[in-house]
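The structure under discussion appears below in the form of structure tokens.
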Amino acid sequence: MGMPMLIRAKQKGENTEVKVLVKHDMETGRRKDEAGNIVPAHFIKTISASCEGKIIFEGELGPAVSKDPFLSFSFKNGKKGDKVSITWVDNKDDSRTDETKIR
Amino acid sequence: MNERRRAIIKSLSVYSMAVATGLMKPLSALAVDWEKKVFELSKLDDVIAALGGNFQVSDGVVLVASEIAENGAVVPISVESKLPNTDKIAILIENNPNPLSARFTIHDGTDPEVKTRVKMAGTSNVHAIARSDGKWFMATKEIKVTLGGCGG
Amino acid sequence: MTIMNIKRLLIFFASVLSMCTLTSSVSAQDNTSEEIEKYRELLADGNPAELWELTGEELWYREAGPKNKTLETCDLGKGPGIVEGAYVEMPRYFSDVDKVMDLEQRLIYCRMMIQGLSREQATERPFGSAGNSSDIEALVAYVTGQSRGMKIAVAVSHEKEKRMYEMGKRFFYFRAGSHDFGCVTCHSGENKRIRLQELPNFMNVEQARKSYGSWPAYRVSQGEVRSMQHRLYDCLRQQRCPEAIYGTDLVTAISLYLAKNANGGTYDAPAMKR
Amino acid sequence: MKKIIVSLGFCAASFFAVALVSADQTDKEFEEMLESSLRSKGIVKAEEVLAQDDVQKKCSTSGVASAEDMKAILDSQLATIVYPSDGKYLGDWKAGEKIAQSGKGRRFNDKPDTVNGGNCYACHQISKDELAYGTIGPSLYQYGKIRGNSEEMIKYTWAKIFNAQAFVPCSYMPRYGHKGILSEQQIKDLMALLFDPESPTNK
């Protein structure tokens, strides 16, 4: 279930800018460890964002997204104090949801 | 400040535990499914075909990236579509083992612009594509991946 | 080879030397540094080191060890529990141990004394890797982050600090090993780079400040936050030196030497780097 | 008069004794610190590294080595150079390019059978195609094209790669041949990278 994401949601005029950092190894399944063994693929497959329960943004990620993924996007119709919630699910069916309020 | 942060961490842990144990359904249950067969394709042409064929080169798709990356493990990419009714944005890296790196679904009210970071196996063309009114449009840039540091 | 030959070779060499200066780097590769700069700017948005800072903060306040204590009473030099501004004054002399310590040595000490861990437990996994995160690196990220924006100000006034500084300076110029490398090899010339990375010249105050003030850093090439200890550990490895034993004095000495050269600079880390 | 000088000298000596720790003591302290902080790992043996050779000792100074030391280094290092046994200086530039790219070898995480690289690009521009080159050493782009391939030039270049300190005392360039970092064949391949008209260096 990993550690908490870092989510920033900031009101900029009529737009809300969302930045997300996730702690995840995003293993491609091609890397070898020090002993020379292949490290199995382990990566976030989907990430979705909602504001006050309404889905605003979704991503399907492959293992080519960098370790500790970063995402940034913005949306309209949000206001200060609204709850932005982000959920990711990885290929081992591990998942995590964190939320923040628009500032 | 410290207290606040700690409180956040604690409450988050509780929440995520609830999700993990199935007490609450994660929102992603509603989300698009990860399309395995497209992500696992190894040839760019096959990915293009799988996504519905021809991508038209367009100024309406803006790909921002540096021409040189100091390290292939983290290459910052920004894609913006200026085309109407854009509902999908994707990043394709031609020379990667699997070209499709990420695909995003832009819902109503969300700007068709996304910033992320991808891995590149080596120097390659990077294609940013956006779907507008059901058709795909594309912008391309070559990004050179360089060797760094003293290790060689 | 005869003496005559040697002489001829030397004279010949002199003429080659003068040629070198004429043909110096084909200044082309025009936009390389510009594009690298752009890469770094684009990267600056969203530094994963913040995730380490949060974890470190959580660890600082978490009860742990046989004594089940938090690190809240740990004295990093400014009094028990004072984290803000502590790092920019380290390494420093601590009278309770009559010794100069860097941040990591002090954290080890606190974890042993306050939490009751053995030295082995307190120094376990000093450097993280994928799937094996390091508590120490997280703690270091948290503590150093609490000095962000402050001026680097190591004292080097106590006799033991002066000795430590002297040892660090000496090592800076110490050349040894298979390749004859020393710190000085890469870090004493102006406008030098290794591959595409600019090399800070530690004789130049501005460069010393900028460089020292940007560690620890999240390194995109490693996907980890790397502390000053790790930076120097890995410099030594590339220098073909033997392994630096974690938490020993040599690394503290080098750190103090570099920190002193960087005094007065604004501390801006944990940063993000290649 | 003599007395005054003597007493002044005594004063100075005692002053330094108080103000500074003696050089001997500093040496000892430094040695102890190295020994307690560094340990052998893999192929790197602490005792071998810490026992600097004569050149390394002379070059480990914060100032410039003395003229006397420099001359001693030039003389002793020139005598170490071994030219190719078969009289052939140029190998395969393609193999040379790989050697110039590789920074492997002789680190504590390298294996005893790791093929050592020259890591030339870390410090030098060589082929125009490699953008990621360092600038600690001069550019070697068009090396052969500019300098020609006279016997003198070939021999000088060989010697320079073999032991750079035979020409520049305390040079930062590793002594590739003398220290056994690169084999005779590897140096030949690097020579080809620099001199072969077909090498990208000379394009």
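All of the numbers you see were taken from the coordinates with simple rules; none came from a lab. What you see is a predicted model; the values in this text were computed from it and never measured. Don't worry about glycine lacking a Cβ; one is built from the backbone with ideal geometry, like all the others, and counts go over all protein chains shown.
The C-alpha atoms of chain C define a longest principal axis, and helix C:32-43 lies at about 10 degrees to it. Among D:ILE161, D:ILE187, D:ILE146, which one moves the most in a GNM of chain D with springs linking Cα atoms closer than 10 Å? Judging by the Gaussian network model, the answer is D:ILE146. Ignoring lysines fewer than eight residues from D:LYS98 along the same chain, the ones with Cα atoms less than 22 angstrom from its Cα are B:LYS144, D:LYS88, D:LYS111, D:LYS128, D:LYS145, D:LYS160, D:LYS179, D:LYS188, D:LYS203.
With both labels modelled 7 Å from their Cα along Cα-to-Cβ, the A:ALA41 to D:VAL168 distance reads 5.0 nm.
Here the Gaussian network model covers chain A, with springs between Cα atoms less than 10 Å apart; of A:ASP33, A:ASP82, A:ASP68, A:ASP33 fluctuates the most.
Give me the net charge of C:GLU35's neighbourhood, meaning all other residues with Cβ under 9 Å from the Cβ of C:GLU35; Lys, Arg count +1, Asp, Glu -1. Residues near C:GLU35 contribute -1 overall. Approximating the spin labels as points 7 Å out from Cα along Cα→Cβ, the D:ASP113-to-C:GLU198 distance works out to 4.4 nm. A straight Cα-to-Cα reach below 12 Å connects A:LYS67 with the aspartates and glutamates A:ASP25, A:GLU27, C:GLU224, residues fewer than 8 places away in its own chain not being considered. So which residue, out of C:ASP249, C:ASP45, C:ASP234, gets the largest mean-square fluctuation from a GNM of chain C using Cα contacts under 10 Å as springs? It is C:ASP45.
Mind jotting down the distance between the C-alpha centroids of the stretch A:35-78 and the stretch D:59-83, whole Å? Centre-to-centre distance over Cα atoms comes out at 58 Å.
What FRET efficiency comes out for the pair D:THR26/B:SER78, r = Cβ-Cβ distance, R0 = 56 Å, nearest 0.05?
Values: r = 55 Å, r/R0 = 0.98.
Calculated transfer efficiency: 0.55.
For D:LEU190, the shell of other residues with beta-carbons less than 12 Å away shows a net charge of -1, using +1 for Lys and Arg and -1 for Asp and Glu. Shown is the FRET efficiency for D:SER85 and B:HIS107, computed with R0 = 56 Å from the Cβ-Cβ distance and rounded to the nearest 0.05: 0.15. Output the DSSP H helices from chain D with an along-axis C-alpha extent of no less than 15 Å and a mean Kyte-Doolittle hydropathy no less than -0.5. Qualifying helices, which must be both long enough and hydrophobic enough, are D:2-19, D:67-78, D:151-162, D:184-195. Calculated FRET efficiency, C:LYS78 to B:LYS43, Cβ-Cβ distance, R0 = 41 Å: about 0.10 to the nearest 0.05.
Among the lysines of the stretch C:46-273, pairs at least eight places apart or on separate chains and with Cα atoms under 14 Å apart come to 8. For chain C, the square roots of the Cα gyration tensor eigenvalues, ordered a ≥ b ≥ c, give a/c of at least 1.5 with a/b greater than b/c, which places it in the prolate category.
Each residue, B:GLN56 and C:VAL205, gets one label point 7 Å from its Cα in the Cβ direction; the gap between the two is 6.2 nm.
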